[in-house]
1. What number goes with the only condition from (1) touching a residue at least 24 places away in the same chain (Cβ under 8 Å); (2) surrounded by fewer than 17 Cβ atoms within 10 Å (Cβ to Cβ); (3) assigned to a helix (DSSP H, G or I) that residue 18 does not pass?
2. Please tell me if residue 303 is in contact with a Ser or Thr (Cβ under 7 Å, 6 or more places away or on another chain) and polar (S, T, N, Q).
3. Of the residues that make up the stretch 104-126, is at least one hydroxyl-bearing (Ser, Thr, Tyr), farther than 24 Å from residue 285 by Cβ and more than 21 Å from the chain's Cα centre (by Cα)?
4. Just for the stretch 296-331: of the residues that are among the charged types (D, E, K, R) and surrounded by 14 or more Cβ atoms within 10 Å (Cβ to Cβ), which one is nearest to residue 108 (Cα to Cα)?
5. Give the number of residues within the stretch 53-81 that are within 24 Å of residue 386 (Cβ to Cβ) and of a type in the set (Asp, Glu).
6. For the stretch 187-213, which positions are touching a Ser or Thr at 6+ places or on another chain (Cβ under 7 Å) and within 16 Å of residue 234 (Cβ to Cβ)?
7. So if I check each of 180, 173, which one is assigned to a helix (DSSP H, G or I), of a type in the set (A, V, I, L, M) and modelled with pLDDT under 85?
8. Could you tell me whether any residue of the stretch 277-292 is under 30 Å from residue 90 (Cβ atoms), in contact with a Phe, Trp or Tyr (Cβ under 6 Å, 6 or more places away or on another chain) and assigned to a loop (DSSP other than H, G, I, E, B)?
Amino acid sequence: MTVSANSDVHFDPYDVELNADPYPMFRRLREESPLYYNNEHDFYVLSRYADVNGALTDPKTFSSARGAILELIRANIPIPPGVLIFEDPPIHTVHRKLLARMFTPRKILDLEPKIREFCARSLDPLVGTGKFDFVADLGAQMPMRTIGMLIGIPEKDQEAIRDHTNAQMRTEAGKPMKAAEEGLDTGEIFAEYIDWRAENPSDDIMTELLNVEFTDETGEVRKLTRGELLTYVNVVAGAGNETTTRLIGWAGKVLAEHPDQRRELAEDNTLIPKAIEELLRFEPPAPHASRYVTRDVEYYGQTVPEGSVMTLLLGSANRDDRQFPPDGDVFDIHRESRPHVAFSVGAHFCLGAALARLEGRIALEEVLKRFPEWDVDLGAATLSPTSTVRGWESMPAVTR
């Protein structure tokens, strides 16, 4: 489908101005151009919920094996084994089962008192100061500590590890990820920790991955290779940091803009889990995912040819009135619960979804306990420079 020259319907993941508030354009894409083609960067876009959900659950047609990011698919670079989000079944199934054993409900729930204690340590010194940054003071800290505990990274090194994994997603304004040119990070930064854990086992993911035996896609029963170990740990560390940080930043902004709903949450924290779901729907930290198209496929009377790149607008799907009536652009913590795609769906549903929800709930409970009223200073806030994860580097608030 070619967009006519006089059309101003436009989506470009590298457009900084558009990224600041993409939702008006997302609505136009859904209504005017539900299959969109970007001629400059040569990729297609689906924006309606039903289409996005359908593509996410059809890995045979929409493959992740070349990556899930536009520029990575275009670059066609080698993908190391173990990068779950860049794999298709059957190898994805094998690797996912292996990691799923590390994210059991017991392991997640065991983290709750530790997460809550860290939130208290971070927030208590700020009480009475009249100011609080949702990202710098909490959002960039708590997920790092949580995933560090889960993996087995010493606390003194967790900040450096967070910065390293986050840097892999960073882009210069208006430019693609550097990984498209330089290749994916192999996780070598974790080598020293893995060697140490081999001699000093503990109750953490790194120790479990070192010792687990599994049946691989060829039928062989074996342990992970060193390269696979490094990749696994790198994937978990990166996925567990950035998106939860963005969720907490969005909570600060959106609830400042909806003070009546924020006051309801402060008065009744049993509403907070629903509020977290609505925040994830309304401002998903990962607003889009891309796939390699393995066969000709038709949408709206147009053929998307085999070999194309299809970008699935999760952020648009989550605002589609057809799935979230009557108006998907309205934030409402009392909205009827319906499935969203903030964590993807199907084979690539986020393994860390339960952990992200837990972190978001605890963070909001602890913030509201101390700061039931706040305004944000958007003039001093900074949007993260990345084409893959959308959110805030800083979200300063005035508390009262």
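The values are calculated or read from the model by the stated rules, or taken from the named source; none is laboratory data. What you see is a predicted model, and the numbers here were worked out from it, not measured in a lab. Neighbour counts run over all protein chains shown; Cβ positions are idealised from the backbone, glycine included.
1. Single failed check for residue 18: (1).
2. In short, no.
3. Checked the stretch 104-126: no residue is hydroxyl-bearing (Ser, Thr, Tyr), farther than 24 Å from residue 285 by Cβ and more than 21 Å from the chain's Cα centre (by Cα).
4. 319
5. 1
6. Residues satisfying the conditions are 187, 197.
7. That would be 180, the only listed residue that is assigned to a helix (DSSP H, G or I), of a type in the set (A, V, I, L, M) and modelled with pLDDT under 85.
8. No, the stretch 277-292 contains no residue that is under 30 Å from residue 90 (Cβ atoms), in contact with a Phe, Trp or Tyr (Cβ under 6 Å, 6 or more places away or on another chain) and assigned to a loop (DSSP other than H, G, I, E, B).
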